[in-house]
Amino acid sequence: MTSHMIDAFVRRAERLENCSSGQNGSTPLTVSSDDVDSGFVSRNSNADDSPWTYSEECTFCRIISGEGNAFKVYEDDSILCILDILPIRPGHVLVIPKQHVSRLSDMDDELAGKVGKLVSKVAKALTVALDNTALNVVCNQEYAQAVPHVHYHIVPAP
């Protein structure tokens, strides 16, 4: 990935941190015992120190729970695909696992396999829809990661 794209991700992270910290009037979410009992969240045995697969501070978790707005491209039980709110180019899609995992290196193999298959399917759909096989596919971990929730950017090339 070129340095100007990394810089754009860093700038986006700074803007999103302002949004997710409540500085733009957003309301923080809470997780209740009812949420756990209903299966909305569950104990997480493989990710970071958080015991939950849902993070109330996470922009993507809020979108997945329906509390945040997004243009959905695809959704199943495990994964959500949305258009990026600050696209690098038209057609910029995010592939996001619904389970909150902060780092790709912490994702379990089963979920990683599902996400990988869907990244490939979305990439193929974009190449067909745009009649352009050139894409950038990026997954940042910590550095230049705008939202601390694993996600892949699929960006059509010019």
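Per residue, the Cα convex hull of region 93-158 amounts to 82 Å³. Remark: accessible surface ordering of 55, 105 (largest first) is 105, 55, probe radius 1.4 Å.
Less than 5 angstrom separates the built amide H of residue 80 from those of 96, 98, all sequence-distant by 5 or more or on a different chain. Grab the other residues whose beta carbon is less than 11 angstrom from that of residue 154, score K and R as +1, D and E as -1, and report the net. Result for the local shell: +2. Each residue was assigned an accessible area with a 1.4 Å probe, and for residue 85 the value is about 120 Å².
The values are calculated or read from the model by the stated rules, or taken from the named source; none is laboratory data. Quick caveat, the model's predicted, so the values are computed rather than measured. Here Cβ is always computed from backbone atoms with ideal geometry, including for glycine, and neighbour counts include all displayed protein chains. Remember, those area values only see protein heavy atoms, side chains included, never the ligands or the DNA or RNA. Shrake-Rupley method; radii C 1.70, N 1.55, O 1.52, S 1.80 Å.
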